[in-house]
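Below: one structure, written as structure tokens.
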Amino acid sequence: MAVAAANYSEPRRDARAIQAAIADLAKSFGNRLVTSQAVREQHGHTTTWIANQPPDAVVFPQETADVQETVRICARHRVPVIPFGTGTSLEGHVNAPQGGVSIDFRDMNRILAVHAEDLDCVIEPGVTRKLLNEHLRDQGLFFPIDPGADASLGGMAATRASGTNAVRYGTMRDNVMALKVVLANGEVMTTSTRARKSSSGYDLTRLIVGSEGTLGVITEITLKLHGIPEAIGAAICPFPSVEAACNATIMTIQSGIPVARIELLDEVQVRACNSYSKLSLPESPLLLLEFHGTEAGVAEQSERFGEIAADLGGGPFEWTVKAEDRTRLWQARHDGYWAAKALRPASLPLASDVCVPISRLAECVTETQADLQATGLLGPIVGHVGDGNFHVALLVDGNDPAEVLATEKFLSRLAERALAMGGTCTGEHGVGQGKMKYLLAEHGAPALAAMRAIKAALDPDNIMNPGKLVPAE
């Protein structure tokens, strides 16, 4: 099943220009330029129901100079450039609706420097979060942003990713210190330095983080690091309702408990995880938590949360400091997408997320549950609820037009509900192709005009990942 590509249609660039660009790239890159149909389709979008729109060619650079050469050739012919990390994005970010050249960062996966004394590192965009943390472990450091998938850090910066640790450590916006970016004219821009603070000039780092490849191609990233905590405790706590679980989350955050992770699974998702990951979690709404700090601090945080949970009918509250138990629990959470799919194997999971102010979380989630029940759709709910962000993994029969239509209407209501509560149409998945239609309602015409002006200034020929993020006028 796929939403028709026409829903995200863009006029393709001139075929002769594309072929001329490919011929020039072949001279520069030889067998590091690939045009086979199979590889091209692997670099189109396939993780949700947005139709696969493959590029015309894929380049595998090995250094920033290779990216510059690729962009300069494409700029000369006015051919689109689409950055590609691991392809785990969920809103069509890596599709090529106008054709063009995909830049795959598979071979730019070096950790260039670790400055342990300054708690930062410099990496290439193809480095994945797991690879980085394996490299850092022996130095007592870690990088906390964890979106679940083993995504590339370049892609995570481009989409402003976050994940389970965001409630304590923030998102990519808060953890990227500086970037090296190849602009649409092939020049290299460095956005900042390794200094922890600066009041010098525009904040170009924050401009590029979350720009989804529409303003430039990231080729180097400087990241903040953190010390591995002395003690880590994980916990599970069932609740009588999703509302009670959300209210416990709200009270935990408002009480100032420095919880590192606080994840919601509704009863449908718990059942899926039990079956898929061979667990025996209580099949009711559930919070998964993690506490970081000293042994005494973790124990105190756990105790304080337990008191809040008991007041809201939650429990029994169980926690552990054993690494193997924590790993199994969080792996089950990260496998939630596949666990949900197993509930209806012939369906295609369609994961969508929204984020609301924490005070509106319980209201938004319970209204969403009621909406699912009223429409008869199957959609387990999970959430990084410590920062008001939750996901619905809809399991849709693509061969049933009525169900597809009901799903599209539900997704619109979900986004509109979040916006009406002062939230956003996407907490961490990004806009891509899939959520451009909500940008005007969320940001307003003046903000969209400013975005278009920035795009036109940095990319006047619209070759940087066109058809994404900023809707055409």
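Structure shown: which of Lys27/Lys180; Lys197/Lys455; Lys180/Lys437; Lys180/Lys409; Lys130/Lys180 lie over 32 Å apart, alpha-carbon to alpha-carbon?
Lys180/Lys409
Would you mind counting up the charge near Pro258? Only other residues with Cβ under 12 Å from its Cβ, with Lys and Arg at +1 and Asp and Glu at -1.
After counting each charged neighbour, the total is +1.
If you average the alpha carbon positions of the range 114-138 and of the range 334-383, how far apart do those two centres end up, in angstrom?
Centre-to-centre (Cα) distance: 33 Å.
Taking the Cα centre of the range 1-113 as origin, work out the dipole magnitude from +1 charges on Lys and Arg Cβ and -1 charges on Asp and Glu Cβ, in debye rounded to 20.
It comes to approximately 240 debye.
Please give the net charge around Asp203, taking every other residue with its beta carbon less than 15 angstrom from that of Asp203, where Lys and Arg add +1 and Asp and Glu add -1.
Its environment carries a net charge of +4.
Counting other Cβ atoms within 10 Å of each Cβ, which trypsin sites (Lys or Arg not before Pro) in the range 189-278 have at most 10 and sit in a DSSP loop?
Answer by residue number: Arg196, Lys197, Lys278.
Can you compute the FRET efficiency between Met251 and Ala406 using 1/(1 + (r/R0)^6), with r the Cβ-Cβ distance and R0 = 30 Å? Round to the nearest 0.05.
For Met251 and Ala406, the calculated efficiency is 0.30.
In terms of modelled amide H atoms, which long-range or inter-chain residues lie less than 5 Å from the amide H of Leu141?
Excluding prolines and chain starts, which carry no amide H, the hits are Ile228.
About its Cα centre, how strong a charge dipole does the chain have in debye, to the nearest 20, once Lys and Arg get +1 and Asp and Glu get -1 at the Cβ?
1140
What's the extension gain from Asp138 to Lys197 if we count 0.36 nm per residue and subtract their Cα-Cα distance?
18.5 nm
Taking R0 as 41 Å, what FRET efficiency do you get between Met189 and Ala447 from their Cβ-Cβ distance, rounded to the nearest 0.05?
With a Förster radius of 41 Å, E is 0.95.
Need one number: nm distance between label points at Glu41 and Arg106, each 7 Å from Cα along Cα→Cβ, rounded to one decimal.
Result: 1.7 nm between the two label points.
Restricting to DSSP loop positions (anything but H, G, I, E, B) with no more than 15 other Cβ atoms inside 10 Å of their own Cβ, which trypsin sites (Lys or Arg not before Pro) remain in the range 284-383?
For trypsin sites (Lys or Arg not before Pro) across the range 284-383 that sit outside H, G, I, E and B with at most 15 neighbouring Cβ atoms in 10 Å, the list reads Lys322.
Please arrange Ser200, Ser347, Ser36 by accessible surface area, largest first, computed with a 1.4 Å probe and ligands excluded.
Solvent-accessible surface, decreasing: Ser200, Ser36, Ser347.
With all protein chains present and a 1.4 Å probe, how do Met251, Met189, Met156 order by accessible area, largest first?
Solvent-accessible surface, decreasing: Met251, Met189, Met156.
Between beta-carbons, use under 12 Å as the cut-off and find the net charge around Ala339, counting Lys and Arg +1, Asp and Glu -1.
+4
How would you classify the range 242-336 from its alpha-carbon gyration tensor, with a ≥ b ≥ c the square roots of the eigenvalues: rounded for a/c under 1.5, else prolate if a/b is greater than b/c, otherwise oblate?
oblate
Cα centroid distance between the range 233-268 and the range 398-452, in Å?
26
Want the number for Ala457 to Asp335: 0.36 nm per residue separation, take away the alpha-carbon distance, what's left?
39.8 nm
Zone of Asp174 (label point 7 Å along Cα→Cβ, backbone N under 15 Å): which residues in the range 358-400?
Backbone N within reach: 358, 384-389.
How about the range 95-203: which chymotrypsin sites (Phe, Trp or Tyr not before Pro) there lie in a loop by DSSP and see at most 13 other Cβ atoms within 10 Å?
Taking the range 95-203 and a limit of 13 other Cβ atoms within 10 Å, the loop chymotrypsin sites (Phe, Trp or Tyr not before Pro) found are Tyr202.
The values are calculated or read from the model by the stated rules, or taken from the named source; none is laboratory data. Because the structure is predicted, anything quoted here is derived from the model rather than measured. Neighbour counts run over all protein chains shown; Cβ positions are idealised from the backbone, glycine included. Just so you know, the surface numbers come from the protein's heavy atoms only, side chains and all, with ligands and any DNA or RNA stripped out. Shrake-Rupley method; radii C 1.70, N 1.55, O 1.52, S 1.80 Å.
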